[in-house]
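The values are calculated or read from the model by the stated rules, or taken from the named source; none is laboratory data. The shown structure was predicted, so the numbers you read here are calculated from the model rather than taken from an experiment. Note that we place each Cβ from the backbone using ideal geometry, even for glycine, and neighbour counts take in every protein chain shown.
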Amino acid sequence: MNASANLPSTPAQGTVPALFVSHGAPLFAVDAGETGPALTRWGQALRAQFPGLRGVVVMSPHWMAHGVRVMTGAQPATWHDFGGFPSALYALQYPAPGAPALAQEVLALLQAAGVAAQGDAERPFDHGAWVPLMHLFPQADLPVVQVALPVGAGPQDVYALGAALRSLRSQGVLVVGSGSMTHNLAEFFGGAREPAPYVLAFSRWIEAALERGDLPALLAYREQAPHAERAHPTDDHFLPLFFALGAAGDDLNARYLSREVMYGMLAMDAFALQPTA
């Protein structure tokens, strides 16, 4: 398959929002809660607004690499990179095409920003990418390119990667950070059904910082946000937020699609970052 044929020649008109999604547990693929349908509705509205949408560039914490890597394959496989879940999950496929031509644009932009990025033609879609995309674009017809989360990167580093790709938004490309608003897996099997107070405190602090357009506070979330270390014992699942923020730039007008909390401890916040009307 020539994946470049999947890229419309006419880009979307206007500036496509950047997007942050919480991809939750792998079960989110089949247990969609309120968040899955909200993502589907938003995806439908986005395609109606931008009929020339060319593709998706997504960062997931389930691809961490030494250095920056960019998926360049024409037809990435669906990787079930988890264990111990119901068999129905392992039967799911997300057969979206890759986008070698778009991947080369991503590589060129990163390299122009001084990032020594390299292509990876064998990389499959991990569940941090394909699970939320199943809800966003269930037809699996939009070309998708993944960008690896560099090992050892901090918020400012990941923000810079998103910023390097900011111009893609005016060229019909959706830039997505897929992570988790909270992610303390030690509490996953606790059996709680009501949202833990710390989950709500952390999530709403992030929302308030977005409302203020307070990028310095967001970058320093680990020192400033309440319960940051409990919400994220490690920061890998929070760092994709900064990929979306970098791509958004000054467009910190966050339109929330979901504030759901699953299993008491997984905040499923998802929001589009778009120009102020």
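Structure notes:
- Unmet criterion (only one of (1) out of contact with any strand residue (DSSP E or B) (no Cβ under 9 Å at 6 or more places or on another chain); (2) in a loop (DSSP other than H, G, I, E, B)) for A88: (2)
- Subset of the range 31-70 [over 23 Å from F238 (Cα atoms) and hydrophobic (A, V, I, L, M, F, W, C)]: A45, L46, A48, F50, L53
- Candidates R123, R193, R169 - the one that is more than 23 Å from A228 (Cα to Cα) and in a loop (DSSP other than H, G, I, E, B): R123
- With respect to (1) touching a Pro at 6+ places or on another chain (Cβ under 8 Å); (2) under 20 Å from T40 (Cβ atoms); (3) surrounded by fewer than 24 Cβ atoms within 10 Å (Cβ to Cβ), the lone exception for G179 is condition (3).
- Single condition P37 does not satisfy, out of (1) assigned to a helix (DSSP H, G or I); (2) more than 20 Å from L136 (Cα to Cα); (3) at pLDDT 95 or above: (2)
- Of the helices (runs of 4 or more DSSP H) lying entirely inside the range 215-277, those carrying at least 2 residues that are surrounded by fewer than 19 Cβ atoms within 10 Å (Cβ to Cβ) and modelled with pLDDT of 95 or more are 215-219, 221-224, 228-231.
Residues are listed down the side, and each one gets a yes or a no for (1) in contact with a Pro (Cβ under 9 Å, 6 or more places away or on another chain); (2) farther than 20 Å from L53 by Cα:
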site	(1), (2)
Q118	no, yes
L133	no, no
F137	no, no
P143	yes, no
G154	no, yes
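- Annotation note: of L102, L109, L89, the sole residue that is within 18 Å of the chain's Cα centre (by Cα) and either buried (at least 17 other Cβ atoms within 10 Å of the Cβ) or not charged (D, E, K, R) (or both) is L102.
- Take the conditions (1) under 22 Å from F137 (Cα atoms); (2) of a type in the set (A, V, I, L, M); (3) part of a loop (DSSP other than H, G, I, E, B); A116 misses just one of them, which is (1).
- Pick from the range 50-77, criterion surrounded by fewer than 19 Cβ atoms within 10 Å (Cβ to Cβ) and within 20 Å of L149 (Cβ to Cβ), ranking: nearest to the chain's Cα centre (by Cα): M64
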